[in-house]
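Here is the structure we will look at, set down as structure tokens.
The values are calculated or read from the model by the stated rules, or taken from the named source; none is laboratory data. In this text the structure is predicted, and so the values were computed from the model without any measurement. Note that we place each Cβ from the backbone using ideal geometry, even for glycine, and neighbour counts take in every protein chain shown.
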Amino acid sequence: MPFLFYGFLRVPASYYQIPFMAEITTPAGNSSKKRGGRRSKKLSTRIDLTPMVDLGFLLITFFIFTTTMSQKHVVGLKMPADGPPADLAMSAALTVVPVAGNKVFYYHGELTEALRTGHYGTVGYSEQDGIGAVIRQKQEALDRYYKGGRAEMMLLIRSAPDATYGNIISLLDETQINDVKRYAIVDLDNADYALFSSKI
């Protein structure tokens, strides 16, 4: 029996058993001959998946401890202060009214004048041609023709009776996306709603 030297001890080589992840097993006995030819040996493969299971649990543990859960974000809401109403230039005002069907009715300046001159419309919440695009067009117009620029724009949000809470949140998100400095939520009376309800 051959011997191997391990340190200062002579240990037989048969004492060492090295595990493998894959083994090829050959059947015992000599291969038989058939019609003068030699039949090849049949080999079977056995794969040990235990290390893969350990690796899978290590990865799961890693992702559990390194994943950050989504945090809640608070949206700031500025309401008009108590006291006498403040003067507002009609040319700098943009009023948006969320209505049913995920639509937004908007008009520039004063309602009756906007309906007379055609400065109103109905859009949705899409990025390309939604209410965000209307806000950006208003800002660009104020930068060109208004002394204070887009900083003087006042966005008035007036909720219709059939609007949802999600519609208001979407409009508040637009104020953050387009960096609207001045905005407020005001009441919508039935008389004003009756004026433009047929225009939606």
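So here's what we get for this one:
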item	result
Some residue of region 125-139 being more than 20 Å from Asn102 (Cβ to Cβ) and either surrounded by 14 or more Cβ atoms within 10 Å (Cβ to Cβ) or in contact with a strand residue (DSSP E or B) (Cβ under 8 Å, 6 or more places away or on another chain) (or both)	yes
Filtered residue count, region 81-91, keeping only those that are outside any helix (DSSP H, G or I) and in contact (Cβ under 8 Å) with a residue 12 or more places away in the chain	2
Some residue of region 166-183 being of a type in the set (Phe, Trp, Tyr), surrounded by 13 or more Cβ atoms within 10 Å (Cβ to Cβ) and closer than 11 Å to Val97 by Cβ	no
Residue within region 113-121 that is under 12 Å from Val96 (Cα atoms) and crowded, with 16+ Cβ neighbours inside 10 Å present	yes
Spans of strands (runs of 3 or more DSSP E) in region 92-190 with at least 1 residues at pLDDT below 90 and either under 25 Å from the mean Cα position of the chain (by Cα) or of a type in the set (Gly, Ala, Ser) (or both)	182-186
